[in-house]
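Presented below is the structure to which this report refers.
We did not get these values from a lab; they are worked out from the coordinates using the rules stated. Just so it is clear, the structure is predicted and the values come from calculations on it, not from any experiment. When we count neighbours, we look across all protein chains shown, and the Cβ atoms used for this are built from the backbone with ideal geometry, even at glycine.
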Amino acid sequence: MKSAPTKPARPAAATPAAWLLKTEPEVYSIDDLRRDRRTGWDGVRNFQARNFMRDAMKVGDPVLLYHSNAEPPGVVGLGRVSGGPRPDPTAFDPRSDGHDPKSRRGAPTWMMVEVEFVEKFPAIVSLEVLRAERRLAGMPLLARGQRLSVQPVSREHLEVVLGLARAARRA
DNA sequence: GCCAACGTTGGC
DNA sequence: GCCAACGTTGGC
């Protein structure tokens, strides 16, 4: 008798404990997320980043929110995956910067998750501070040439970053 | 504004 | 499938 092997549709990769999401504060800042409480993380147009959102991010996962193209750049707060994945509607919108005519509603190319606000750190944990922290050696964000806007963060690295944020609170 | 690093595109 | 050209990211 033929029986379907009980393998998952996609390999169950080791699930990172957390994620890092880059955003340009002039486009969408931690303050915007605090105001909105939750938002669809739309506009991601990189396949690897999309795959993380589509295949690996789970509701409840913590997310570090990172301001890029900012002065200074750095981690500014904490959020949480609150929904998704689902198609990125901006890909279907001809008026949107993220419009992609190759993405169809029946077969969407671009996916997003929903992210909810948890906290804004009392002070930014700047890229300079992150780089100076030896326990963060190996964090993907700090790798040479790293441009991905959605990145995995290990439990250990998450704890270190949160510790740096708390240290800033005491300072 | 510069430019290194990386992804995508398209000719062949 | 190779690879040059081009576009984007994002720190500095």
Would you grab the residues whose amide H sits under 5 Å from the one on A:MET111? Only those 5+ places off in sequence or on another chain, please, with H modelled 1.01 Å from N. A:ASP88
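Restricting attention to the stretch A:95-159, which trypsin sites (Lys or Arg not before Pro) occupy a DSSP loop and are surrounded by at most 16 other Cβ atoms within 10 Å?
Working: sites: A:ARG95, A:LYS102, A:ARG104, A:ARG105, A:LYS120, A:ARG131, A:ARG134, A:ARG135, A:ARG144, A:ARG147, A:ARG155; in loops: A:ARG95, A:LYS102, A:ARG105, A:ARG144, A:ARG147.
Loop-located and lightly packed - A:ARG95, A:LYS102, A:ARG105, A:ARG144, A:ARG147.
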Based on the Cβ-Cβ distance of A:PHE47 and A:ARG131, what FRET efficiency does E = 1/(1 + (r/R0)^6) give at R0 = 25 Å, to the nearest 0.05? 0.35
Stokes-Einstein D in µm²/s, Kirkwood radius over Cα pairs - the stretch A:18-170 at 37 °C with 0.692 mPa s viscosity: 207
Give, in nm to one decimal, the length gained when the segment between A:ARG37 and A:GLU71 is fully stretched (0.36 nm per residue of separation minus the Cα-Cα distance). 9.8 nm
Let me have the 222 nm mean residue ellipticity of chain A computed from DSSP H runs of 4+ only, each contributing -39500 (n - 2.57), with the sum over all residues rounded to the nearest 500. -5500 deg cm²/dmol
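If you stretched the chain out fully between A:ASP93 and A:SER154, how much longer would it get, using 0.36 nm times the residue separation minus the C-alpha to C-alpha distance? Mind dumping the intermediate values first?
Values: separation 61, 0.36 × 61 = 21.96 nm, distance 3.50 nm.
Gain on stretching A:ASP93 to A:SER154: 18.5 nm.
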Under 25 Å between alpha carbons - lysine pairs in chain A that sit 8 or more apart or on different chains: 5
Whole-Å semi-axes of the stretch A:122-171's equivalent ellipsoid (Cα gyration tensor): 19, 11, 10
Only Lys, Arg (+1) and Asp, Glu (-1) charged, at Cβ; chain A dipole about Cα centre in debye: 640
The helix A:155-170 Cα axis meets the longest alpha-carbon principal axis of chain A at an angle in degrees, between 0 and 90 and rounded to 10, of 40
